[in-house]
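All remarks here apply to the structure that follows.
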Amino acid sequence: MKVTFIAPEKITRKIAGVTGSVLAIMIGEGKLTGPAAELDKFTKGEITRAIANSKFTGKKKQALPILLPKGMAYNYLLLIGGSTKADTTPQQVEAAFAEAVITLNSIGAKSVTVLTEDEEHGAYAASGLILRSYRFDKYFTKQKPEKKPTLKEARIMTPDAAAAKKIFAHLGAVAEGVYFARDFGNEPPNVLYPSEFANRVREVLEPMGVKVEILDDKQLTKLGMGSLLGVAQGSVRPARVVVLQWHGGEGKDVPIAICGKGVTFDTGGISIKPSGGMEEMKYDMSGAGVVAGLFYAMARRKAKVNAIGVMGLVENMPDGNAIRPGDILTSMSGQTIEVLNTDAEGRLVLADVLWYAQERFKPANMVNLATLTGACVVALGYEYCAIMGNDKGMIENVRAAGETVGELCWELPLCEVFDERINSRFADMQNISSVDRAAGSSIGGQFLNRFVKKETKWVHMDIAGVAHPKKAIGPLTDGASGFGIRLLDRMISDKFENVK
Ligand code: BES
Ligand code: MN
Ligand code: ZN
């Protein structure tokens, strides 16, 4: 989408031959004011008449397109419900314009001009329009014209256009990172497997100034990543670990580490999943996708932070060479793991990834993202991400950043009792609870916790529900949503950049 920022022009002027242009204004309940009132006067009450003949009242989530008289600069006026009052947050504007994408495409809008008094609102409107306009249609060979989106351009019209453009510079960088991550999630698992994922990350991020290392299975064996490699051994596609380094801070700054589960397909392995809905397990690499998208965003906006990204990329398949229930793996940390369910593979991957990140980079703070448990979807749906960790301050940082950007998180507990449930009869631990499915998401977190050093402030984000919601929610698309990128970008810019 092409985005431009312009100073207000006369909106009532008549010009010839313009098609597909829409003027969008956010208005609240009550009397028409500002440009909407101006247009109403110019059209001799047509706007009032259109509203009176509709269900539009100006409430949130409403949208009303109104055809304007022939010869005007815009074909349509799109009224978007909400509020123009100061209590509207930029994120509410972003979500409202994200939803407006549906209406804009349904009326064939090619270009939308957003008129707003507030430059921050203008920038967030552009962000919402972009985030929701994301499509993944590369595999359609014949698409009906009426199914194709028309919207190609956003013009943000606001008194201080330069200020809006500056705010947007950050948001636009993050939106590009979100697109990058969504493509990974949506790609089919026959196309996107560990080495292909790793190569695509390198191809895009290296030219942007991110240091990218790809560790192959020989190197992983040498490092002793027996846990991660155990998961990979049932697949003909070898494992990869990708290590990203972004040095935007001062040389001496201790880095923050972001780790991601990247299971490019999760069949469950020998503890095979039921076939219904198994195709959704192509999204099981979403944690790694978020890491890729976040580093894209940080590099694009030149974040003043030192950050490390580690992605564990494997495919979980049943095979003659696959791990069995009862197998005991030795992780890089030296701790042994009895595998009682080969479908609890994400934690096996992250065990080595987390350990590696801490051993090599000694981060003070570490966040991991993983589509770890079905229990998380049962508990929190597609709307809330489960978070847990060993440091109240970091948990609050993640939660607060999520609330700000509209990526909601809810804390689940970790505790000694849960920890005891993963003690094994034959090894240091087992990869599922010894009781039943109770507190499944916490048990997953508790397992990861065994690979986190006391001195590392750590948060685990279980994105099983939010990574690929069934329906789009505001700026978050269905299919791969990219949930976590805007949250972590926000947390890093608020708490880890320019903070001494
Ligand atoms: N990738 C799945 C979790 C998942 C399920 C994500 C549904 C998104 C939607 C994970 O690897 C898994 O299979 N977890 C098991 C753990 C269990 C065996 C303890 C689960 O949730 O059933
Ligand atoms: Mn699994
Ligand atoms: Zn999985």
Cα gyration tensor category, rounded, prolate or oblate, for region 187-495 with a/c compared to 1.5: rounded
In Hz, Karplus ³J(HN,Hα) per residue of region 409-423 (6.51, -1.76, 1.60; θ = phi - 60°; x = Gly, Pro): 10, 9, 7, 10, x, 10, 6, 4, 4, 4, 4, 4, 5, 9, 5
Karplus-derived 3J(HN,Hα), 6.51/-1.76/1.60, for each residue of region 327-341, Hz, glycine and proline x: 4, 10, 9, 9, 7, 4, 6, x, 5, 9, 10, 8, 8, 9, 8
Local electrostatic count at residue 370 - Lys and Arg +1, Asp and Glu -1, tallied over other residues with Cβ under 10 Å: 0
Prolate/oblate/rounded label for region 312-353 (Cα gyration tensor, a/c 1.5): oblate
Sorted by Cβ density within 10 Å, fewest first, the residues 267, 4: 4, 267
Amide proton proximity set for residue 66, modelled H, under 5 Å, gap of 5+: 77, 78, 79
Of the trypsin sites (Lys or Arg not before Pro) in region 140-213, those whose Cβ has at most 14 other Cβ within 10 Å and which sit in DSSP loop: 142, 152
Helix-derived mean residue ellipticity, 222 nm - over the chain, DSSP H n ≥ 4, -39500 (n - 2.57), to 500: -11000 deg cm²/dmol
Shape category assigned to region 76-213 from the gyration tensor of Cα positions, a/c cut at 1.5: oblate
Computed lengthening from residue 222 to residue 425, 0.36 nm per intervening residue step minus Cα-Cα distance: 70.3 nm
Filter on 166/470; 14/85; 60/85; 31/152; 302/392; 55/147 - keep pairs with C-alpha separation over 22 Å: 166/470; 14/85; 31/152; 302/392; 55/147
Counting DSSP beta bridges with both ends in the chain, the antiparallel % (nearest 5): 35 percent
Burial ordering of 371, 89, fewest other beta-carbon atoms within 10 Å first: 89, 371
Quarter of Cα convex hull surface for region 176-217, i.e. mean projection, nm²: 3.3 nm²
Chain lengthening between residue 280 and residue 138 when straightened (0.36 nm per residue, less Cα-Cα): 49.3 nm
Calculated FRET value between residue 434 and residue 302, using beta carbons and R₀ = 51 Å, to 0.05: 0.55
Residue order, fewest to most surrounding Cβ atoms within 10 angstrom, among 246, 410, 458: 410, 246, 458
Label-point gap, in nm, between residue 87 and residue 213 - each point 7 angstrom along Cα→Cβ: 5.3 nm
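Just so you know, all these numbers are worked out from the coordinates, no wet-lab data involved. Note that this is a predicted model, so its numbers are computed, not measured. Note that we place each Cβ from the backbone using ideal geometry, even for glycine, and neighbour counts take in every protein chain shown.
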